[in-house]
Structure formats: structure tokens, C-alpha cells
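Contents: one structure, followed by commentary.
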Amino acid sequence: MKRDVTITINGVEYSGNIPIRMLLVDFIRDVAGLTGTHVGCTFEGQCGACTIHLNGEAVKSCLLLAVQCHGKEITTVEGLAREGALHVLQEEFHRHHALQCGYCTSGMLMNAAEFITERPDADDEEIRHALVGNICRCTGYTNIIKAISAAAKRNASV
């Protein structure tokens, strides 16, 4: 069975007649062609690599059906940068060498973007707790925490 679905992703409307069981992450990657959102845990919601913003809230796109998001606004990692300028988190991840293979990075960025908006004064322990749903298999998280902390401080001063 299929349904017509329209989802706005990074300000652009994407439509398709899709299987009702298509996951949002597959819609993002296969229909919209945006491959920054990754699938790391085989659709179990454990790794966080597929984290996006759904109407401003960080969610794991492997746990949602695309039909559930009809008419909704989504931001992916490709939508963090504005007018050619990197998001403060992207800049700080680069500056602090907060990635290795990069597979988890998009999910980390999306989760952290929501978090620092809500908690710009968070300490390192609170940042660690906020990332509990995002797994990085390459780093020890130290530089990720430093990057998010630096981004939060920059955001708070704006």
C-alpha cells in the first residue's frame, strides 16, 4: 500500500507516492537525496546517526515512518549551515577535531544543536548526558564534548 506524502526538508518540499512502511530516514536519503543523515544501527534507534530535527525537536529518523511526517518541517545536517556559513557546532567540531570517521557526526550535530539552544550554560557532564543516545565508535568523546561546550558558549554570547 502507498500514500502521497509531502515533507519539507531544509526549506524544500519533497513529495512522493511512497510505501506506507517507508522509514523517514529512507525518505530523506532516497526521495530527497540528502545523504548526510546516516543509518548506523540497522533501524533500532540505538546509535543516533540518523538524528534530525522534526518541527525543531531532535528525533531519530529511523524510528519514524515517513507518512507520520506528512506536512511537517524537517532539518537535516545539510540544513544546519545557512547562506554558505557553517553552523557554530560545525565550526567547533572542525576546530576541536571532534570526529574521526565522521559517520556519527551528523547525528551528534543535530542532537547537540537542539541541546545548546535549550541549555547554553550546560557543563561537560550535562553535555555527556545529552549525548547518551548518540554513539561514536571512534573517539573517546573528549573532543566532541569540548566542541559542543565551545559552541554553547559562542551561542550564549550572541
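The values are calculated or read from the model by the stated rules, or taken from the named source; none is laboratory data. Just so we're clear, the structure is a prediction, and the values are computed from it rather than from any experiment. Glycine gets a Cβ as well: all are built from the backbone with ideal geometry, and neighbour counts include every protein chain shown.
Would you confirm, using the coordinates I've provided, whether C69 is in contact (Cβ under 8 Å) with a residue 60 or more places away in the chain and under 24 Å from G40 (Cβ atoms)?
Values: in contact (Cβ under 8 Å) with a residue 60 or more places away in the chain: yes; under 24 Å from G40 (Cβ atoms): yes.
Against the criterion (in contact (Cβ under 8 Å) with a residue 60 or more places away in the chain and under 24 Å from G40 (Cβ atoms)), C69 qualifies.
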Seminar exercise, completed: C101 meets each of (1) over 25 Å from T6 (Cβ atoms); (2) assigned by TED's automatic domain parsing to the domain that holds N17; (3) surrounded by fewer than 20 Cβ atoms within 10 Å (Cβ to Cβ) with one exception, condition (2)
Exercise. Are any of the residues in region 140-148 touching a Gly at 6+ places or on another chain (Cβ under 9 Å) and surrounded by fewer than 22 Cβ atoms within 10 Å (Cβ to Cβ)?
Worked result: no
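Please find, within region 87-104, the residue that is farthest from the chain's Cα centre (by Cα) out of those that are in a helix (DSSP H, G or I) and in contact (Cβ under 8 Å) with a residue 24 or more places away in the chain.
First, pick out the residues of region 87-104 that are in a helix (DSSP H, G or I): 88-95.
Checking the rest, the ones that are also in contact (Cβ under 8 Å) with a residue 24 or more places away in the chain come to 88-89, 91-93, 95.
On the way: V88: 14, L89: 12, E91: 16, E92: 16, F93: 14, R95: 19 Å.
Once the filter is applied, the top-ranked residue is R95.
Determine if region 85-97 includes at least one residue that is of a type in the set (F, W, Y), touching an Asp or Glu at 6+ places or on another chain (Cβ under 9 Å) and surrounded by 19 or more Cβ atoms within 10 Å (Cβ to Cβ). Spell out the reasoning first.
Here is the first cut: in region 85-97, the residues of a type in the set (F, W, Y) are 93.
Next, from what is left, pick out any that are touching an Asp or Glu at 6+ places or on another chain (Cβ under 9 Å): none.
Within region 85-97 (the criterion being of a type in the set (F, W, Y), touching an Asp or Glu at 6+ places or on another chain (Cβ under 9 Å) and surrounded by 19 or more Cβ atoms within 10 Å (Cβ to Cβ)), the answer is no, since none of the residues qualifies.
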Exercise. Any chance region 104-116 includes a residue that's in contact with a strand residue (DSSP E or B) (Cβ under 9 Å, 6 or more places away or on another chain) and among the acidic types (D, E)?
Worked result: yes
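Give me the strands (runs of 3 or more DSSP E) completely within region 9-66, filtered to those with at least 3 residues that are within 21 Å of Q90 (Cα to Cα), ordered by residue number.
Working: elements: 12-19, 51-54, 57-60.
Ranges flagged: 51-54, 57-60.
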